[in-house]
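Values in this text are rule-based calculations from the coordinates and carry no lab data. Treat the numbers as computed from the prediction; the structure is a model and nothing was measured. With ideal geometry, Cβ positions are generated from the backbone for all residues, glycine too; neighbour counts draw on all protein chains shown.
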Amino acid sequence: LSLGIFAVSPHLARMPSDDQMRGIFIHKNSLGWYASLMVLLATAVLFDSTLGLRRTAFALLSAGVVCLVASGSMTAIIATISAYCLIGFYSILQRTPGMSRIVIVLLFVQMSVGLLILLHEFLVPFLEALGKDATLTGRVPLWELVDRQIADHLVLGFGYQAFWTEANPEAWVIWSKIQWMAPHAHNGFRDTMLSFGIIGMSLFVLILLRAVRQGAVLQCRDPQYGWLWLNVFTIMILVMNLTESIFFVQNDAIFILFTTAIIMFSLYAPVVSTRPGPPSRRSLCSTAAELQIR
């Protein structure tokens with residue numbers, strides 16, 4: 001649809017402030033998010049040869065890539081790159097037996113933490129060297145002001161979606177300093193802290209960690225049901241929330257899909273964990289030897 005409206009009316013499909021594409025959405029970032037999801041969905045269909053929809057998947061994949069690049073949303077592009085890295089990680093994890101999985105997980109966690117540290121230390125100088133916006137389109141000064149508000153209401157926060165409202169004087173303090181009315185903190189984790197404080201954030205983090213663990217268990221023990229894609233989708237949304245705010249957004253399709261994935265993990269992980277696994281090679285040999293003796 002975004003490509004269609006771009007072909008029919010290009011001026012409506014572009015952002016008013018620049019030439020980047022927004023398609024049928026209000027903002028280019030929204031187009032980038034859904035294009036990223038389209039790329040993941042089309043890749044999943046391409047992987048599944050039983051559906052017989054390879055041509056359709058390839059067409060949707062091409063459309064998703066075009067919209068992703070045309071939107072210029074760096075958040076969506078980074079999330080898409082992360083998704084393909086996660087496809088490789090979960091595929092290796094599923095094929096790795098026994099205790100070797102722990103080593104793979106630890107290596108992946110260390111690499112992720114190291115990458116975040118590198119981005120924190122060198123991203124701004126790197127952007128300045130390239131002549132890009134080192135403030136990430138105003139996000140860095142916004143985050144500094146938001147962190148101060150989080151510290152002032154650390155325990156319980158301001159209440160659900162109570163901060164970014166015109167009735168809140170603390171929001172006006174931030175808006176007056178950054179000279180634009182930010183609709184949110186452009187970081188889902190910070191907005192969660194603003195809404196629910198450290199108590200609510202702690203519960204949310206526990207739910208996320210449990211969902212990631214359950215999803216990995218399902219992928220390793222029951223991969224034939226396509227748990228790979230829900231795992232990749234879940235982590236991809238976490239990556240998106242590093243520079244955008246999607247958590248707990250009302251009537252938002254992406255957050256609904258995200259919570260649905262977490263619910264699916266919680267429903268099926270206990271069933272799979274109690275299911276008896278296939279007999280080991282040693283038990284099969286013992287059974288064969290007993291039969292021969294008899």
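In sequence order, the stretch 201-208 has phi-based couplings of 5, 4, 4, 5, 5, 4, 5, 5 Hz under the Karplus curve 6.51 cos²θ - 1.76 cosθ + 1.60, θ = phi - 60°, and Gly or Pro positions carry x. You can think of it this way: the chain between residue 198 and residue 273 has 23.8 nm of extra reach, that is 0.36 nm per residue less the Cα-Cα gap.
Computed from Cα atoms, the angle from the helix 281-293 axis to the main principal axis of the chain rounds to 10 degrees.
Applying 0.36 nm per residue to the separation of residue 147 and residue 65 and subtracting their alpha-carbon distance, the gain on full extension is 26.0 nm. Extension gain for residue 11 to residue 167 (0.36 nm times residue separation, less C-alpha to C-alpha distance): 52.6 nm.
As a length-normalised measure over Cα pairs under 8 Å and 6 or more apart, the relative contact order of the chain settles at 15 percent. Scoring 29-41, 2-14, 73-85, 178-190 by mean Cβ neighbours within 10 Å over their residues and listing the highest first yields 29-41, 73-85, 178-190, 2-14.
With a Förster radius of 35 Å applied to the beta-carbon distance between residue 92 and residue 156, the computed FRET efficiency rounds to 0.25. The stretch 3-41 and the stretch 178-216 have Cα centres separated by 27 Å.
Between the alpha-carbon centres of the stretch 153-172 and the stretch 224-239 there is a gap of 32 Å. Relative protection proxy for 60-67, 264-271, 103-110, from highest mean packing down: 60-67, 264-271, 103-110 (other beta-carbon atoms within 10 angstrom).
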